[in-house]
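Worksheet for the structure shown next.
Every number in this text was worked out from the coordinates using simple rules, so none of it is lab data. Keep in mind that what you see is a predicted model, and the values were worked out from it rather than measured. Neighbour counts are summed over all protein chains in view; Cβ atoms, including those assigned to glycine, are modelled from backbone coordinates with ideal geometry.
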Amino acid sequence: MNILMVNGPNLKLLGTREPTIYGAETLERIICRVVAYGAEKGVLVSAFQSDVEGELVAAIGAARGVYDGIVINPGAYTHTSVALRDAISACGVPTV
């Protein structure tokens, strides 16, 4: 099984951006933990992060036929991106 982990704007600043709110753990460390956990379960996890909405849309669109699922934290686009919502709907890959 192959899973794509998609991370949106400002998440690369985790660990340094307002650690009292967002914590001290970096996105790199979170990705390492998720990849390791996936490997324990026989799941290949690939991660992608961008601050650019179009790059996130392109990554989701390219997931069709490659990944069995997508896990997304759209960051600042959570409540505002119709483009991400449409990409998720159109790609046909189960997404959480």
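Loop-located GluC sites (Glu not before Pro) across the stretch 4-96 with a Cβ neighbour count of 14 or fewer within 10 Å are E25, with loop assigned by DSSP.
Loop-only check: which trypsin sites (Lys or Arg not before Pro) in the stretch 29-79 are DSSP coil with at most 14 other Cβ within 10 angstrom?
Details: sites: R29, R33, K41, R64; in loops: K41, R64.
Filter output for the stretch 29-79: K41, R64.
Here the stretch 1-58 is assigned +1 on the Cβ of each Lys and Arg and -1 on the Cβ of each Asp and Glu. Its dipole about the Cα centre then comes out at about 200 debye. Around the amide H of D51, modelled in the peptide plane, lies no amide H under 5 Å away from a residue 5 or more places distant or on another chain.
Phi-derived couplings, Karplus 6.51 cos²θ - 1.76 cosθ + 1.60 at θ = phi - 60°, listed residue by residue for the stretch 81-89: 9, 5, 4, 5, 4, 5, 4, 4, 5 Hz, with x used for Gly and Pro. The amide H of G15, built 1.01 Å from its N in the peptide plane, has E25 as neighbours under 5 Å, considering only residues 5 or more places off or on other chains.
Over the chain, Cα pairs under 8 Å with separation of 6+ residues give a relative contact order of 40 percent. Kindly identify the stretch 19-59 as rounded, prolate or oblate by the Cα gyration tensor criterion: order the square roots of the eigenvalues as a ≥ b ≥ c, call it rounded if a/c is under 1.5, otherwise compare a/b with b/c, prolate if a/b is larger, else oblate. Taking the square roots of the gyration eigenvalues as a ≥ b ≥ c, the stretch 19-59 is oblate.
On a C-alpha basis, how far is the centre of the stretch 2-31 from the centre of the stretch 32-57 in Å? Whole number, if you could? The two parts, judged by their Cα centres, are 12 Å apart.
If you add up the charges near L84, with Lys and Arg at +1 and Asp and Glu at -1, over every other residue whose beta carbon is less than 14 angstrom from its beta carbon, what do you get? Before the final figure, lay out the partial values.
Details: positive: R85; negative: D51, E53, E55, D86.
My count for the surroundings of L84 gives -3.
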